[in-house]
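The values are calculated or read from the model by the stated rules, or taken from the named source; none is laboratory data. Just so it is clear, the structure is predicted and the values come from calculations on it, not from any experiment. Cβ coordinates were reconstructed from backbone atoms using ideal geometry, including for glycine residues, and neighbour counts include every protein chain displayed. Accessible surface is based on the protein model in full, side chains and every heavy atom, while ligands, DNA and RNA are left aside. Shrake-Rupley method; radii C 1.70, N 1.55, O 1.52, S 1.80 Å.
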Amino acid sequence: MSYGISRRGVLAGAGGMAALAALPLAPLRAAPARLADAAVPITPAERLARIAKVQGLMAEQGIAALLVESGSSLTYFTGIHWSRSERITAAVIPAHGQPIVVTPFFEAPSVKETLAVPADLRTWHEDASPFALIGDALKGRAGLVAVEQTTREFITEGLAREGSFAVVSGAALVNACRQIKSPAELALMQIANTITLAAIREAHSAVQKGMTAGEIGTLIEKATVRMGAQSDFALVLLNEASAYPHGSHTPQAVREGSVVLMDCGCIVEDYQSDISRTFVFGEPSARQRKVWDTVRRGQAKVFEAAKVGAPAGTLDAAVRGFYESEGWGPGFALPGLPHRAGHGIGMDGHESPYLVGNDRTPLAPGMCFSNEPGLYIPGEFGMRLEDCWVMTEAGPKSFTPLARSLDDPI
């Protein structure tokens, strides 16, 4: 769970134990100082294969081209790293032929620096229309024009003004490519997750009475950067603030019996991690132990339900049903679980598919998710455990070892 107000701000039951025993877990070894140095970037050949895949899908569906503006999908297909602004940088990926990249004239040298595939680079000056340039790139191409799902509306509207293009959503095309991670992508995600858990472990050992959430977050960020990754977020929630999934503006400090919730992520060669751990500073109360153990069992319920072909939403239903049997909820009510059980992850911290009831996407090998069924008691505390995992033919595989107990929580 990677958004927040501030970036610093034991299994029970035979079924749960059996599911955990069967789950192949990635080992956590002592992280070298520069773990990210082992990362192998996505190759131009892999990006060309992605373009070929989406072109094949377009040809099958009678779609003439896919428009992708700046963002993670542009990077995914072309390698271009570019921030969004009122000046448009985008790629037109035709069903046949090489991509056409449209960008402002004065930005072209910078855009070329990360362009990783052959492309026809076309530029526009400040007093010209980028929509006309995109329209020109689409001339003579029969069929629908698909637009990547995060493309801003003013771009879609501008495109529509330029000609008789029938514009449709490109979500299905992009998802068909991005939802299934390649071995190279999985390797990068493994490194990112290993770094994040190592940073959390380091910060956990350094927490002292009186520390603020910001101070703990700084420890996590420094450890992450030292290992060679880009720190994406280090959300630390203390005491009552832990009852609110993304925290509170009310200042909190560590005291005896404090609940400390760390939700952290990093980026390695464009691929993200997202891990949460919760522990108690000092001696936990019986209530804190009970809630922590219930959340840990909730994670097991999600993994038990993770089978190839199962609709993504059934994993959320599995843990929600278990929680209700334990007296939480019902549904999204508090005290209980007010958010989904998890989300897809890859180049974006949150991406399709989602582990929520209305997402019926069948699970397939190569899909990656978080597993984070927290429990929250407003006015008291909350507990969240979160690990990222990949769906395999044999079942779910976590990138990191799961938390073992409240006494051994990392």
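Is at least one residue of region 305-312 β-branched (Val, Ile, Thr), touching a Pro at 6+ places or on another chain (Cβ under 9 Å) and surrounded by fewer than 18 Cβ atoms within 10 Å (Cβ to Cβ)?
Within region 305-312, the first condition is being β-branched (Val, Ile, Thr), and the residues that meet it are 308.
Now drop any that are not touching a Pro at 6+ places or on another chain (Cβ under 9 Å), which leaves 308.
Now restrict to residues that are surrounded by fewer than 18 Cβ atoms within 10 Å (Cβ to Cβ): 308.
Yes, region 305-312 contains at least one residue that is β-branched (Val, Ile, Thr), touching a Pro at 6+ places or on another chain (Cβ under 9 Å) and surrounded by fewer than 18 Cβ atoms within 10 Å (Cβ to Cβ).
So that you can scan it fast, the table gives a plain yes or no per residue for (1) part of a loop (DSSP other than H, G, I, E, B); (2) within 16 Å of Ser276 (Cβ to Cβ):
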| position | (1), (2) |
| --- | --- |
| Glu157 | no, no |
| Ala160 | no, no |
| Phe165 | yes, no |
| Ala187 | no, no |
| Leu197 | no, yes |
| Gly217 | no, yes |
| Asp232 | no, yes |
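The criterion of at least 1 residues that are closer than 21 Å to His246 by Cα is met, among strands (runs of 3 or more DSSP E) falling completely within region 297-407, by 342-344, 351-355, 368-371, 375-377, 381-383, 387-392. Of the residues making up region 167-183, not a single one is more than 22 Å from Ala49 (Cα to Cα), open to solvent by less than 30 Å² (accessible area, probe 1.4 Å) and of a type in the set (S, T, N, Q).
When region 111-141 is limited to residues that are in a loop (DSSP other than H, G, I, E, B) and over 31 Å from the mean Cα position of the chain (by Cα), the one that is surrounded by the most Cβ atoms within 10 Å (Cβ to Cβ) turns out to be Arg141.
Among the residues of region 167-185, those that are in contact with a helix residue (DSSP H, G or I) (Cβ under 7 Å, 6 or more places away or on another chain) and outside any loop (DSSP other than H, G, I, E, B) comprise Val167, Leu173, Val174, Ala176, Cys177, Arg178, Ala184.
Starting from residues that are part of a loop (DSSP other than H, G, I, E, B), of a type outside the set (Ser, Thr, Tyr) and open to solvent by 30 Å² or more (accessible area, probe 1.4 Å), keep the ones in region 35-65 and report whichever is farthest from Ile134 (Cα to Cα). Steps first, please.
The initial filter retains those residues of region 35-65 that are part of a loop (DSSP other than H, G, I, E, B), namely 39-43, 62.
Now drop any that are not of a type outside the set (Ser, Thr, Tyr), which leaves 39-42, 62.
Okay, now just the ones that are also open to solvent by 30 Å² or more (accessible area, probe 1.4 Å), so 40-41, 62.
On the way: Val40: 34, Pro41: 30, Gly62: 19 Å.
Only one residue fits best here, namely Val40.
Considering each residue of region 399-410 in turn, at least one proves to be surrounded by 18 or more Cβ atoms within 10 Å (Cβ to Cβ) and more than 22 Å from the chain's Cα centre (by Cα). Restricting attention to region 324-340, does a residue exist that is of a type in the set (Phe, Trp, Tyr), on the phi < 0 side of the Ramachandran plot and surrounded by 20 or more Cβ atoms within 10 Å (Cβ to Cβ)? Yes, region 324-340 contains a residue that is of a type in the set (Phe, Trp, Tyr), on the phi < 0 side of the Ramachandran plot and surrounded by 20 or more Cβ atoms within 10 Å (Cβ to Cβ).
Of everything in region 234-264, what is among the small types (Gly, Ala, Ser) and not in a strand (DSSP E or B)? Give them in sequence order. Within region 234-264, Ala241, Ser242, Ala243, Gly247, Ser248, Gly257 meet the criteria.
Condition check ((1) hydroxyl-bearing (Ser, Thr, Tyr); (2) closer than 15 Å to Phe369 by Cα) across all residues:
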site: Ser248; (1), (2): yes, no
site: Val254; (1), (2): no, no
site: Gly257; (1), (2): no, no
site: Phe281; (1), (2): no, no
site: Thr294; (1), (2): yes, no
site: Gln299; (1), (2): no, yes
site: Lys307; (1), (2): no, yes
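State all residues of region 88-109 that are assigned to a helix (DSSP H, G or I) and open to solvent by less than 50 Å² (accessible area, probe 1.4 Å); if no residue qualifies, say none. Show your work before the answer.
If we filter region 88-109 for residues that are assigned to a helix (DSSP H, G or I), which is where we start, we get 105-109.
Hits for region 88-109 are Glu107, Ala108.
Which of the residues belonging to region 267-296 are aliphatic (A, V, I, L, M), within 12 Å of Glu386 (Cα to Cα) and assigned to a helix (DSSP H, G or I)?
Here is the first cut: in region 267-296, the residues aliphatic (A, V, I, L, M) are 267-268, 275, 280, 286, 291, 295.
Still in the list and also within 12 Å of Glu386 (Cα to Cα): 275, 295.
Within region 267-296, just Val295 meets the criteria.
Exactly one residue among Ala317, Ala253 is of a type in the set (Gly, Ala, Ser) and over 25 Å from Asp407 (Cβ atoms), and that residue is Ala317. Counting residues in region 292-304 that are open to solvent by 10 Å² or more (accessible area, probe 1.4 Å), touching a strand residue (DSSP E or B) at 6+ places or on another chain (Cβ under 8 Å), within 22 Å of Pro365 (Cβ to Cβ) and not polar (S, T, N, Q) gives one or more.
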